[in-house]
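In what follows, a structure is listed as structure tokens, so that the remarks can point back to it.
The values are calculated or read from the model by the stated rules, or taken from the named source; none is laboratory data. What you are looking at is a predicted structure, and each value in this text was computed from that prediction instead of being measured. Reconstructed Cβ throughout: ideal geometry from the backbone, glycine too, with neighbour counts over all protein chains shown.
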Amino acid sequence: MGQYYKIVNIDKKEFIEPSKMGSTYNLTNLSEKECGAAAALAVLLSSGNGRGGGDLAWTGCEGEKGWIPDINKHKHLRLESTFNVGGKECATIAPKIAGRWAGDRVVVAGDYGDKGAFMPSRPFTSDEIEWLASDHNKPVEEIEKKFKTTGDINLYGITNASKSYKDVTKDVLKAMSFAPAWKSCIKKFRK
């Protein structure tokens, strides 16, 4: 079976699930798919997206296919620039999530990873204890004796147990659909 991995941003408490992108959980397979986990990581770590050809962005003018008259209604998009061409309002828009992890501490966290690494030790919340009890198929009382603080599990485990970590896989897939080369392989994963 092997060790499973997630890509975790420990600064923003977000992660991506490789299995939701067509990759397997194993480390050696994270880069096997054209629009899988490695591509998603590149999108999240990009700096300056939306300012050049080949970026995850759309540039167009009023009246053209894809024109979005009120960008503020689309929470997942940001306005990069505006300009006029022949009296028409034009703009470049890009997914907000692109570049979101640039400069942050990111870990490819395995389920056999070191306990307590990359996170502060703190007492578990009741929700986390309940998740651990369910995951280990043990009574809550037994889990409370075995697991005192977050230092007793690894980063991979805390992303499962804690509601403070957010899975951003679907958001990244949505952003990746801006790239024509990725559109066909992204469609099957966005369900």
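Which residues, taken from segment 89-132, are within 30 Å of LYS73 (Cβ to Cβ) and either of a type in the set (Phe, Trp, Tyr) or not in a loop (DSSP other than H, G, I, E, B) (or both)?
Across segment 89-132, the qualifying residues are GLU89, CYS90, ALA91, THR92, ILE93, ALA94, PRO95, TRP101.
Taking into account only those residues within segment 57-88 that are in contact with a Pro (Cβ under 9 Å, 6 or more places away or on another chain) and of a type in the set (D, E, K, R), which is surrounded by the fewest Cβ atoms within 10 Å (Cβ to Cβ)?
Per the stated criteria, the residue is GLU62.
Quick check on segment 99-113. Is at least one of its residues over 16 Å from MET176 (Cβ atoms), of a type outside the set (Phe, Trp, Tyr), more than 21 Å from the chain's Cα centre (by Cα) and surrounded by 15 or more Cβ atoms within 10 Å (Cβ to Cβ)?
Scanning segment 99-113 turns up no residue that is over 16 Å from MET176 (Cβ atoms), of a type outside the set (Phe, Trp, Tyr), more than 21 Å from the chain's Cα centre (by Cα) and surrounded by 15 or more Cβ atoms within 10 Å (Cβ to Cβ).
Can you name the number of the only condition in (1) at pLDDT below 80; (2) within 30 Å of ALA109 (Cβ to Cβ); (3) polar (S, T, N, Q) that SER47 fails?
(1)
Would you call ASP167 among the charged types (D, E, K, R) and under 30 Å from LEU77 (Cβ atoms)?
Yes; evaluated as a whole, the condition is true for this residue.
So, in segment 1-37, exactly how many residues are among the hydrophobic types (A, V, I, L, M, F, W, C), over 23 Å from ALA117 (Cα atoms) and crowded, with 16+ Cβ neighbours inside 10 Å? Break it down stepwise before answering.
As a first pass, look at segment 1-37 and keep what is among the hydrophobic types (A, V, I, L, M, F, W, C): 1, 7-8, 10, 15-16, 21, 27, 30, 35, 37.
Applying the additional criterion that residues be over 23 Å from ALA117 (Cα atoms) yields 1, 21, 35.
Within this subset, residues satisfying the condition of being crowded, with 16+ Cβ neighbours inside 10 Å are 21, 35.
Counting residues in segment 1-37 that are among the hydrophobic types (A, V, I, L, M, F, W, C), over 23 Å from ALA117 (Cα atoms) and crowded, with 16+ Cβ neighbours inside 10 Å gives 2.
Which of the residues belonging to segment 97-125 are of a type outside the set (Gly, Ala, Ser) and without any contact (Cβ under 8 Å) to a residue 40 or more places away in the chain?
Selection gives LYS115, PRO120, ARG122, PRO123, PHE124, THR125.
May I ask you to say which residue of ALA91, ALA109, ALA57 is closer than 29 Å to TYR4 by Cβ and hydrophobic (A, V, I, L, M, F, W, C)?
ALA109
Among the candidates ILE158, ILE129, single out the residue that is among the hydrophobic types (A, V, I, L, M, F, W, C) and within 22 Å of LEU44 (Cα to Cα).
The conditions single out ILE158.
Write out, first by first residue and then by second, each pair whose Cβ atoms fall under 9 Å of each other, whose residues are 6+ apart or on separate chains, and whose first residue, in segment 144-161, is over 19 Å from ASP11 (Cα atoms) and of a type in the set (S, T, N, Q) while the second is part of a strand (DSSP E or B) and at pLDDT 90 or above.
THR149/PRO123
Restricting attention to segment 122-176, and to residues there that are aliphatic (A, V, I, L, M), modelled with pLDDT of 90 or more and within 24 Å of the chain's Cα centre (by Cα), which single residue is surrounded by the most Cβ atoms within 10 Å (Cβ to Cβ)? First the steps, then the outcome.
Step one: of segment 122-176, the residues aliphatic (A, V, I, L, M) are 129, 132-133, 140, 143, 153, 155, 158, 161, 168, 172-173, 175-176.
Among the residues that remain, those that are also modelled with pLDDT of 90 or more are: 129, 132-133, 140, 143, 153, 155, 158, 168, 172.
Applying the additional criterion that residues be within 24 Å of the chain's Cα centre (by Cα) yields 132, 153, 155, 158, 168, 172.
Details: LEU132: 23, ILE153: 23, LEU155: 24, ILE158: 23, VAL168: 22, VAL172: 28.
Among residues in segment 122-176 that are aliphatic (A, V, I, L, M), modelled with pLDDT of 90 or more and within 24 Å of the chain's Cα centre (by Cα), the one surrounded by the most Cβ atoms within 10 Å (Cβ to Cβ) is VAL172.
Residue check: is ALA175 in a strand (DSSP E or B) and in contact (Cβ under 8 Å) with a residue 24 or more places away in the chain?
no
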